[in-house]
Structures are given as C-alpha cells and as structure tokens.
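Here is the structure we will look at, set down as structure tokens.
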Amino acid sequence: MNTLTIALGDYPHVRPLLDGEVAVEGYSFKPIEVRPIIAAYRRMIRNLEFDICELAPVSYLMAREAGVPITGIPVFLNRRFHHGDIQCAPGSGVTVPKDLEGGRVGVRAYSVSTGVWGRGVLKEDYGVDLASLTWVVDDDDHVEGHLPSNVERVTDGRSLGAMLKDGDLTAAFTGNAGTGRSGAPQAGWEAQPTDAGGEAYPLFAHSDIIERDWYLRTGIYPAHSIIVVRDELIEKDPDLPSHLYAAFAAAKRLQVEKDPTWESQPHLASQRRRIGSDPLPYGVESNAPTIDALQRFSLDQGLLDNKVTAAVFADGTYPDR
C-alpha cells in the first residue's frame, strides 16, 4: 500500500476520499491540513511538498510552463463568478467599467485567479484598457517572474482595504483576493477583514444577474482550484490520474446524495441556482470554454509566454461528472 500526502481545502465533497469512504486501489492518503489552503500553493510549486495538492489553476499553468514537474487532472473543487468582487472607492466617481482607466486597482497578487478572471471580464466584455491601470499588490505571486511594468507593490505596510477607504485606490478586489485580508496567506487570515466596510460600492450592481447572463453567453464558469499530482508518481503509475479522477467524482457523488441542492455550501447552492446545473462540473469537455478562457486571459495578461500547447491534463479517462 502506497501512502500519498494530500493537501486540500475543507470541502464536504472531498471528505469521503480523505476519510477513506472512497478508495483508490493500492493507495492510502495522508491528509495534510493547511489553512487557508492558499498557503499550500506556494509550498507545492516551489518545494513539491505534497504528492497531491489543490492548486490555483492560473498558478498551475504558470508552474507547468516554468517546468515544475506537476500535472493536473480536471477536478475543479471550487468555482465562483467575479463581477461582484470589484469594489470602488468612496468618492472615486466610477460608474461604468471604462471609468477605471488610468486608475489604481488593488489585488493581493497579480496572478491571483480572481484578478485574472476579473481583468478578463473587464477587457473582453467592457473594453477596458488593462495596460492603462496600475495594479497595486501586497503579496508575491506563487510563480515569480511575470510582473508587467504597471504592477506596483505596497511599501508602507497598509492593507488594500485601508488604501481603498483612504481613496488611494480607485477600486479593489474583495475577500482573499484583496481587501478581505492583509499580507501573505496565514492562519487566521479570514478572521481579520480589512475592507472598506459599507463605504465602498460595487462596480456592478445586481452582479448576480450580470454573471448569469455572462455564463449563458460565453459558457465560461470560472474555476478556482485544480488537482495536481507530482509527475514522478504518474511516471510510476500512469493509471493513477484516471483512478484519482474517479475517486474525486465518487466523493462528490456521495456528498450530492446527502445534499442534492448544495445548501451546506451556500455559495455553491447560489451558483447552482444561477447556472441551473451542477455547480462543480468535473471533466474536460464540459469545462472546455472555461479552460480556453483561462489560458487566453493568462496569456493576454502576460502570465504565460505562450498558450500551453502540451497537454494541460495528465493522460487519462475523464468522463464529465
């Protein structure tokens, strides 16, 4: 029996795998708790610290291009839309996306998935000139070396939330991608929000309606995590990716049997109602528009040198689940 270390977020739809209710023949799993799970991303990319790890999909593409020996399987454990994540500073005068041009927008790090998805929306749907914006960051990227010249690092120790409140930012992303924390990922991060409170206002009012329209028009459903496996393990057992994929799908199926409307995870329940189907689709075909957009946005924003032409996922059998 081979024991594999595995680092995942705390999701009900993976617990049957971690608890042993779902098995992969010949393997056992040793869960490594990292909270917030974002803190594991850098450890995996830079040190290959785990055998299997949840990873931000943008960071995965960047790491793959940089030659980090990891390969993904099409299991996306978390999804969310981002129109509602852009908040404008009090007194900024921003009323439409084009008003952001020439301004300063805060985001935790330039390659944060929320920022990549949000910038893609601003450019493709609203014609915002991303190069005209200054992107203000207060943390490092997991994969270094792709910062364009219009990225500026916070140097005075203030949080993005404080800068937004003070009017030193035109707008900022919320939550873990921006104003909902300060500094690098660490324990207690989410317990110390630093946002601008009720004084900031959303760039997109009624964002849930806009997000549903965008999804119906484009088929893009932003992914926030992908499962990656160390290449060494796949070389030893080429069937491992397919078996892992089947196990993650079985774990999700068990959770859906217990909670068919996803009400135990309110943001996924909301998204299920919004898109009218499974809020966490696994597989390649059902996620093709999302995967293509992820690569297109990352390339356009300078995070990839070339569109990833090698297989994004390990060879395997991945029926939509």
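The values are calculated or read from the model by the stated rules, or taken from the named source; none is laboratory data. Values in this document were obtained by computation on a predicted structure and should not be read as measured data. Heads up, the Cβs are rebuilt from the backbone with ideal geometry, glycines too, and the neighbour counts pull from every protein chain shown.
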Residues being within 19 Å of Y110 (Cβ to Cβ) and among the basic types (K, R): count how many of those fall in segment 25-79.
-> 3
Hey, A314 among the hydrophobic types (A, V, I, L, M, F, W, C), more than 19 Å from V112 (Cβ to Cβ) and surrounded by 20 or more Cβ atoms within 10 Å (Cβ to Cβ) or not = yes
A careful count of residues in segment 81-108 that are under 26 Å from T155 (Cα atoms) and either buried (at least 23 other Cβ atoms within 10 Å of the Cβ) or not assigned by TED's automatic domain parsing to the domain that holds D166 (or both) gives 10
Residue ranges of strands (runs of 3 or more DSSP E) in segment 114-180 with at least 1 members under 22 Å from I210 (Cα atoms) and in contact with a Ser or Thr (Cβ under 9 Å, 6 or more places away or on another chain) = 171-173
Right, A56: surrounded by fewer than 18 Cβ atoms within 10 Å (Cβ to Cβ) and out of contact with any Leu (no Cβ under 7 Å at 6 or more places or on another chain) or not?
-> no
The correct count of residues that are over 15 Å from the mean Cα position of the chain (by Cα) and either aromatic (F, W, Y) or over 27 Å from R321 (Cβ atoms) (or both) in segment 41-67 is 9
Determine whether segment 255-262 contains at least one residue that is in a helix (DSSP H, G or I) and in contact with a strand residue (DSSP E or B) (Cβ under 8 Å, 6 or more places away or on another chain).
-> no
